[in-house]
Structures are given as C-alpha cells and as structure tokens.
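The values are calculated or read from the model by the stated rules, or taken from the named source; none is laboratory data. Just so it is clear, the model here is predicted, and its values are computed rather than measured. Counting neighbours? That spans all protein chains shown, and the Cβs are built from the backbone with ideal geometry, glycine included.
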Amino acid sequence: MIEPEEITRRLLALDPGLRPEAYYGESSVFYNPGGVAPLGIIFASIKEDDGPNDRSANLSRDSVYRFAFGISPETFEQRFGMIPARPPKGGVVSLPGYDPTRLDELMSHPIYGWMSWVQILCPTPARFESLQPLLAESLDLVRAKWSRRVHHVRDGRAG
C-alpha cells in the first residue's frame with residue numbers, strides 16, 4: 001500500500017497551483033494558484049475515518065483510507081457504465097455489484113459518484129501509477145473550472 005502522505009506529496013508535485021488543506025476531517029488538495037481564494041477548487045481527498053453520513057467504505061478498519069478524486073462524466077460512464085443517481089442523505093450510490101469496502105480497486109465514490117467522483121481504498125504503488133492518466137484528466141478539469149471561475153469574477157459575475 002502507498003501511504004497517504006506519499007499520495008499527497010505526489011499530487012502536489014503535479015502542479016504548483018495545488019495546495020494541501022484540511023477540509024471536513026479529510027486531507028484534501030485544492031487547486032488555488034497563488035493562494036488567492038479561501039480554498040480554491042478541490043482536486044482530491046484522503047479520508048482516514050468514517051464520517052456521520054459516510055460509513056459505507058468502513059474506513060474504521062485498521063490502516064484503511066480512501067483516496068478520492070473527480071473524473072469526467074464521459075470517463076466515469078466508460079469505466080462504470082452509468083453515473084449513479086444522487087443518494088439520499090446517509091445513503092450510498094447504487095451500482096450493480098458495487099461494494100465500496102473493497103481495497104485497491106477503483107470504483108464510484110459512495111457519496112459523490114453522482115458527481116463523477118471515484119475512490120480507491122489503500123491503493124498499491126502499482127495501482128496508484130495506473131491512475132496517472134485519470135489524475136491528469138482530473139487536474140485538467142479542475143484547471144478549467146478554476147479558469148471559468150476566474151473569468152466570471154473578472155467579468156463582474158458571481159460564480
């Protein structure tokens with residue numbers, strides 16, 4: 001298993017605009033070039049404990065953590081067949097054969113799959129390497145979202 005600190009270090013090396021932040025009990029990485037926004041756009045997160053509305057991955061197991069990030073809806077559908085509906089509060093997404101407790105397997109995030117977020121519990125170094133194209137796609141999506149937000153602010157619009 002690759003350690004969470006190593007994942008964070010590797011993510012931060014992808015772009016100088018990425019910054020680590022503690023966010024809702026998770027170690028998160030935000031895209032925030034120059035630190036000009038309070039947080040920026042979330043790129044990825046590492047969660048090591050179950051939360052009150054998210055116990056589905058059983059992160060309370062010894063040394064189990066979730067690495068999560070967003071991908072494009074198109075890539076999500078190619079990998080998983082469909083984007084699941086948003087679950088009710090306290091619920092999880094519904095996909096055929098879905099078991100959010102499996103280790104070292106890329107799958108829909110149990111809560112944010114409807115937003116094309118994925119999770120992998122305790123990835124091995126080899127599995128983490130295999131995620132690099134998806135992480136590059138995710139970073140491109142975050143940069144584009146940042147650019148749209150910056151242009152909205154410059155144009156005098158909220159957003």
*Would you please list the contacts, defined by Cβ atoms under 8 Å and residues six or more apart or on different chains, that run from a residue in the stretch 122-137 that is over 17 Å from D15 (Cα atoms) and at pLDDT 95 or above to a residue that is surrounded by 11 or more Cβ atoms within 10 Å (Cβ to Cβ) and among the acidic types (D, E)?*
C122/D104; P123/D104; T124/D104; R127/D104
*Subset tally (residues that are modelled with pLDDT under 95 and surrounded by 20 or more Cβ atoms within 10 Å (Cβ to Cβ)) for the stretch 1-25*: 0
_Residue under evaluation D99, criteria (1) surrounded by fewer than 17 Cβ atoms within 10 Å (Cβ to Cβ); (2) under 22 Å from S130 (Cα atoms); (3) in contact (Cβ under 8 Å) with a residue 12 or more places away in the chain, criterion not met_ = (3)
*Would you be able to tell me the number of residues in the stretch 26-47 that are within 24 Å of Y98 (Cβ to Cβ) and at pLDDT below 95?*
1
*Hey, among the residues in the stretch 43-58 that are surrounded by 17 or more Cβ atoms within 10 Å (Cβ to Cβ) and touching a residue at least 40 places away in the same chain (Cβ under 8 Å), which one's nearest to Y31 (Cα to Cα)?*
F43
*Could you please give the count of residues in the stretch 31-42 that are surrounded by 15 or more Cβ atoms within 10 Å (Cβ to Cβ), touching a strand residue (DSSP E or B) at 6+ places or on another chain (Cβ under 7 Å) and in a loop (DSSP other than H, G, I, E, B)?*
2
*May I ask you to list the residues in the stretch 60-76 that are over 11 Å from the mean Cα position of the chain (by Cα) and surrounded by 20 or more Cβ atoms within 10 Å (Cβ to Cβ)?*
Y65, F76
_Residue match in the stretch 4-23 (condition: touching an Asp or Glu at 6+ places or on another chain (Cβ under 9 Å) and within 17 Å of L141 (Cα to Cα))_ = no
*What is the number of the single condition among (1) assigned to a loop (DSSP other than H, G, I, E, B); (2) among the aliphatic types (A, V, I, L, M); (3) surrounded by fewer than 20 Cβ atoms within 10 Å (Cβ to Cβ) that V93 does not meet?*
(3)
*Restricted to the stretch 108-121, and to residues that are without any contact (Cβ under 8 Å) to a residue 40 or more places away in the chain and not polar (S, T, N, Q), which residue is surrounded by the most Cβ atoms within 10 Å (Cβ to Cβ)?*
G113
*Do we have any residue at all in the stretch 141-148 that's assigned to a helix (DSSP H, G or I), within 15 Å of A44 (Cβ to Cβ) and among the aliphatic types (A, V, I, L, M)?*
yes
_Take the residues in the stretch 60-92 that are of a type in the set (V, I, T) and within 21 Å of L134 (Cα to Cα); name whichever of them is modelled with the lowest pLDDT._
I83
